[in-house]
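Following: one structure in structure tokens, then a few remarks.
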Amino acid sequence: MKQILVLCLFISLILQPLYAVEGMYLLNNLPLKSMRKAGLRMKFDIDPQTGYAKIAAGVVNLNGASASFISPEGLILTNHHVAFSGIQLLSTLEDNILEKGFLARNRDEERHVPRFRASITTSFEDVTPEILHGLTETMNPVERYDSVDYRIKRIIAREEKGHEKVLIRSFYNGKSYYLIRRLEFNDVRLVYTPPRAIGEFGGNIDNWMWPRHTGDFTILRVYADSENNPAEYSENNIPYQPIHYFPLSVKGLKPGDFTMILGYPGRTQRYLTAREAAFTLNVEYPEAIRHFEFLVDLMDSLGAENPEKALKFASRIKGLNNYQKKYQGMLDGLKNRDIVGEKQDLEEKLRLDDENKVILHQLDELQEEYETSYYAREQFFNLQRDPRLVAVASDLVRWNHEKKKPDLERERGFQQRDYDKQQRSMAYYMSAYDETLDKILLHHHLTQMLKAPASERIPFIDSLFSTTAGKSVTEVVEIFVENLYSETQLMDPDFRQRLLDITPKEFNKIQDPLILFAHSLEKQAREFREEDKKRSGRRMVLMPHYFDALKDFMDHVYPDANGTLRCTYGHIQGYSPADAIWYEPFTTLTGVWEKDRGEYPFIVPESIKSIRLNQNNQTFYDKRLQDFPVNFLHTMDITNGNSGSAVFDKKGRIVGIAFDGNYEAMTSDWIYDDQLTRAISVDIRYLLLNLTDIEKAENLLNELTIIQ
């Protein structure tokens with residue numbers, strides 16, 4: 001009888017629904033009581049000097065994605081796909097480490113990754129009173145926007161000292177503003193990355209899908225000067241010694257176990273209106289998908305017979321494929337869930353209050369204005385950003401235009417503090433520059449704009465081609481593009497650097513044809529930016545009221561993701577994507593072998609095929625699964641930017657690395673669904689298995705703290 005009672009109790013615990021996990025929480029506003037109820041068994045110690053959680057010092061923003069310190073000597077753990085662009089940049093056809101992988105056996109072999117930036121958040125301070133003081137809801141929208149913008153720049157100029165970088169972000173739809181201090185390191189070096197057949201196993205076919213079998217991990221190291229401060233790359237730099245780093249645990253996970261993620265989610269939009277959702281669903285996502293597909297098809301065709309171009313385009317194609325599939329998943333999910341209908345029903349309830357009714361009407365008017373100019377604006381910015389040399393020319397023109405102003409009156413991103421950022425931006429655009437691709441893109445966009453309906457035309461583009469001399473639009477555009485690229489000097493890095501450094505007066509004398517073209521583009525871009533300012537100024541008044549109205553109908557109140565450090569938590573759990581289907585939450589090495597097709601993206605390297613249980617790797621073997629674990633599912637609320645985030649167990653030890661979400665719940669940027677929303681993470685034991693069995697990387701394994 002006693003055994004039966006124990007068995008019944010066990011079954012009842014198994015069948016209990018797991019605790020709700022929605023929310024991307026700020027570290028100064030964690031739902032700790034709920035987290036402990038869900039299984040958390042660690043403390044969030046507070047730094048007495050900054051008032052911020054000490055654990056933040058171990059979490060890294062890596063080029064807008066996430067990473068974590070895993071050693072006292074500056075090792076950071078992230079995704080292969082986060083480091084992909086840097087790995088590609090370090091690769092050549094003769095030494096293609098993107099394909100074959102890389103391991104530094106000692107510090108001297110570690111390779112500096114240009115343009116990689118590792119940032120650590122050191123404090124988080126409320127500056128709302130200073131930002132909003134004296135502002136009224138009846139102000140001119142542009143005046144209000146400019147006032148907020150000026151105050152943000154003024155605070156940053158006052159507070160940014162020494163090695164710290166300061167940024168200010170708005171939260172809760174503009175109700176609050178916080179100042180974030182970061183240490184920013186520009187000397188990041190590659191230590192280990194697996195072969196592409198492991199790090200990108202499954203490619204775009206498996207992207208966002210479950211079951212997954214990807215070794216999406218890479219290890220880098222952050223370097224500092226002799227005083228442990230941020231520094232530009234130098235051979236004299238030494239490994240950074242972080243205030244906080246994390247141990248790795250190989251104790252393993254099972255269904256129902258608590259997990260937590262700390263990282264830098266990029267952007268969610270859970271508090272937008274029904275009309276905004278409808279336009280996104282019906283117009284913006286379909287247009288973006290078509291554009292991504294066009295770009296990928298073009299680069300694939302150019303790289304098909306040219307391995308050098310294929311390597312150059314690899315990172316760009318990977319990023320576009322990722323977003324194309326995500327947007328398609330969101331499009332499918334928004335339709336299936338009827339998110340627009342749900343928002344409309346909610347807004348009908350809100351409109352029962354007269355003040356809410358007025359707010360919603362004004363927000364609808366703003367959205368209508370946005371929709372009216374959408375096509376012309378999108379075509380224009382595709383023209384200005386897709387061709388890499390046009391993008392560089394446009395940034396140089398805007399930089400020199402802003403240099404005429406006092407620093408605090410310059411637009412954010414174009415102040416003197418952004419000089420290094422401008423250099424990195426130019427280097428980024430030129431790293432994958434290809435003249436053939438550039439000219440095709442510019443020709444395509446100009447032709448499309450000239451053929452657009454009258455309501456979507458831009459007058460200055462028409463004026464460029466007002467005289468055709470009996471030639472077709474295609475011929476005239478082709479001549480125009482050829483002349484731009486044959487006569488420009490912008491391919492010369494010294495010329496680009498000189499244009500960044502000269503005075504605005506000197507810049508205005510430059511007669512380079514692409515710079516002159518970019519001058520015309522900038523005039524139009526300023527018109528669009530002024531329209532955006534007006535709308536933004538009005539939204540600054542309306543959206544806080546809308547958010548307040550929504551709070552009465554929300555179970556969880558947290559700000560949308562905006563690239564700042566957040567915490568989310570949940571449990572190991574599978575899900576049911578459709579009737580009669582249940583996905584288990586773990587995949588294994590056997591599943592990798594079963595997917596082997598002998599051709600990309602399902603090539604299983606011989607080193608993986610040869611792995612067998614032995615004395616050296618037995619700690620990475622899961623007795624419950626009777627196999628080596630590879631990936632797992634858990635009920636985490638994450639989005640782009642969380643890629644590379646460490647997954648922690650209940651005691652704060654790393655047990656995995658988040659790298660993806662599941663296709664069926666890609667609407668999570670809009671709404672969280674506890675039945676479907678899952679994060680896909682790589683089990684830390686799969687990384688350690690690779691380092692032990694394949695790489696024999698004793699130098700790295702000895703540097704890590706591994707809990708067995």
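The residues Ile46, Ile638, sorted by heavy-atom accessible surface at 1.4 Å with ligands and nucleic acids left out, run Ile46, Ile638 from largest to smallest. Amide hydrogen proximity for Thr122: with H placed 1.01 Å from N in the peptide plane, the residues at 5 or more positions away or on another chain lying under 5 Å are Arg181, Arg182, Leu183. All C-alpha pair distances within segment 556-708, sorted into 5 Å bins from zero, spread as 2, 8, 16, 18, 19, 16, 11, 7, 3, 1 percent across the bins.
All C-alpha pair distances within the chain, sorted into 10 Å bins from zero, spread as 3, 13, 23, 27, 21, 10, 3, 1, 0, 0 percent across the bins. Per residue, segment 304-375 exposes 55 Å² of accessible surface when a 1.4 Å probe is rolled over the protein heavy atoms with every protein chain present. Summing charges over neighbours of Thr121, with a neighbour being any other residue whose Cβ is under 13 Å away from its Cβ, gives +2 when K and R count +1 and D and E count -1. A simple spin-label model places the labels of Lys523 and Lys161 4.6 nm from each other, with each point 7 Å out along Cα-to-Cβ. Val250 exposes around 10 Å² of accessible area when a 1.4 Å probe is run over every protein chain in place. Here the Karplus relation 6.51 cos²θ - 1.76 cosθ + 1.60, evaluated at θ = phi - 60°, turns the backbone of segment 158-172 into coupling constants of 6, 8, 7, 9, x, 8, 7, 10, 10, 9, 10, 10, 8, 9, 6 Hz, with x for every Gly and Pro. Surface analysis of segment 227-281 yields an accessible area of 41 Å² per residue, using protein heavy atoms and a 1.4 Å probe. Using the Karplus relation 6.51 cos²θ - 1.76 cosθ + 1.60 with θ = phi - 60°, the per-residue 3J(HN,Hα) values for segment 523-530 come to 4, 5, 4, 5, 4, 5, 5, 5 Hz, with x marking Gly and Pro.
Of all DSSP beta bridges confined to the chain, the antiparallel ones make up roughly 95%. Taking the Cα centre of segment 275-427 as reference, the dipole from Cβ charges on Lys and Arg (+1) and Asp and Glu (-1) amounts to some 1020 debye. Using a ≥ b ≥ c from the Cα gyration tensor of segment 25-164 (square roots of the eigenvalues), is it rounded, prolate or oblate, where a/c under 1.5 gives rounded and otherwise the larger of a/b and b/c decides, a/b for prolate? Oblate, since a/c reaches 1.5 and b/c is not below a/b. Give the cross-link partners of Lys54 among the aspartates and glutamates, using a straight C-alpha distance below 16 Å as the criterion and excluding same-chain residues fewer than 8 apart. Candidates past the 8-residue exclusion: Asp45, Glu125.
Once the mean of 1/r is taken over each pair of separate Cα atoms and inverted, segment 33-87 shows a Kirkwood hydrodynamic radius of 13.5 Å. Tyr374 contributes about 10 Å² of solvent-accessible surface, heavy atoms of the protein only, 1.4 Å probe. Ordering 66-73, 609-616, 183-190 by mean Cβ neighbour count within 10 Å, with the highest value first, yields 66-73, 183-190, 609-616. Just the protein heavy atoms count here, and of the accessible area of the chain at 1.4 Å, carbon and sulfur take up 50 percent. On full extension, the segment bounded by Leu464 and Lys349 gains 36.3 nm, given 0.36 nm per residue less the C-alpha separation. Each residue, Leu408 and Asn28, gets one label point 7 Å from its Cα in the Cβ direction; the gap between the two is 2.3 nm. For the chain, the 222 nm mean residue ellipticity estimated from helices alone, with every DSSP H stretch of n ≥ 4 adding -39500 (n - 2.57) and the total spread over all residues, rounds to -13000 deg cm²/dmol. Farthest toward the positive end of the dipole of segment 499-589, out of Tyr583, Pro513, Leu550, is the Cα of Pro513, where the dipole comes from beta carbon charges about the Cα centre.
With an a/c value of 1.5 or above and a/b not larger than b/c for the gyration tensor axes a ≥ b ≥ c computed over the alpha-carbon atoms, segment 168-253 is described as oblate.
Phi angles across segment 311-327 convert, under the Karplus curve 6.51 cos²θ - 1.76 cosθ + 1.60 with θ = phi - 60°, into 3J(HN,Hα) values of 5, 5, 8, 3, 5, 5, 5, 4, x, 5, 4, 4, 6, 4, 6, 5, 5 Hz, Gly and Pro given as x. Taking other residues whose beta carbon is less than 15 angstrom from the beta carbon of Ile603, and scoring Lys, Arg as +1 and Asp, Glu as -1, yields -2.
Distance between the pseudo-spin-label points of Ser610 and Met491 (7 Å out from Cα toward the beta carbon): 4.5 nm. In terms of distances greater than 19 angstrom between alpha carbons, the cross-link table entries Lys326/Lys421; Lys404/Lys523; Lys165/Lys404; Lys43/Lys551; Lys357/Lys534; Lys153/Lys421 yield Lys326/Lys421; Lys165/Lys404; Lys43/Lys551; Lys357/Lys534.
Size of segment 307-447 from its Cα atoms: along the principal axes, largest to smallest, the extents are 58, 46, 30 Å. In the context of the full protein assembly, His545 retains an accessible surface of approximately 50 Å², using a probe radius of 1.4 Å and ignoring ligands and nucleic acids.
In the context of the full set of protein chains, residues of segment 58-123 present 32 Å² of accessible surface per residue (probe radius 1.4 Å, heavy atoms only). The alpha-carbon positions of segment 115-156 define a convex hull whose volume is 105 Å³ per residue. The chymotrypsin sites (Phe, Trp or Tyr not before Pro) of segment 468-569 that DSSP puts in a loop, and whose beta carbon has at most 16 other beta carbons within 10 Å, are Phe553. Global size of segment 635-708: 15.0, 44 Å for Rg and Dmax (C-alpha atoms, Rg to one decimal, Dmax whole). Per residue, the convex hull spanned by the Cα atoms of segment 472-526 amounts to 93 cubic angstrom. Taking 18 Å as the cut-off, the amide N atoms of segment 289-313 that come nearer than this to a point 7 Å along the Cα-to-beta-carbon line of Glu99 belong to 300-313. Normalising the Debye intensity of segment 225-294 to I(0), with uniform scatterers on Cα atoms only, and taking log10 at q = 0.16 Å⁻¹ returns -0.85. Charge tally around Gly51: other residues with Cβ under 14 Å, Lys/Arg +1 each, Asp/Glu -1 each, net -2. If the label point is 7 Å along Cα→Cβ of Tyr233, which residues in segment 71-87 have backbone nitrogen under 12 Å from it? Zone members listed by number: 86-87. Applying the criteria of a DSSP loop state and at most 14 other Cβ atoms within 10 Å to the trypsin sites (Lys or Arg not before Pro) of segment 640-690 yields Lys651. Rg and Dmax over the alpha-carbon atoms of segment 129-215 stand at 21.9, 59 Å.
Convex hull volume of the C-alpha atoms in segment 524-627, normalised per residue: 307 Å³. Accessible area ranking (1.4 Å probe, heavy atoms, ligands and nucleic acids excluded), largest first, for Leu220, Leu625: Leu625, Leu220.
The values are calculated or read from the model by the stated rules, or taken from the named source; none is laboratory data. Predicted model only: the values in this text are computed from it and were never measured. Positions of Cβ are generated from backbone atoms using ideal geometry, with glycine treated the same way; all protein chains shown enter the neighbour counts. Calculation scope for accessible area: heavy atoms of the full protein, side chains included, ligands and nucleic acids excluded. Shrake-Rupley method; radii C 1.70, N 1.55, O 1.52, S 1.80 Å.
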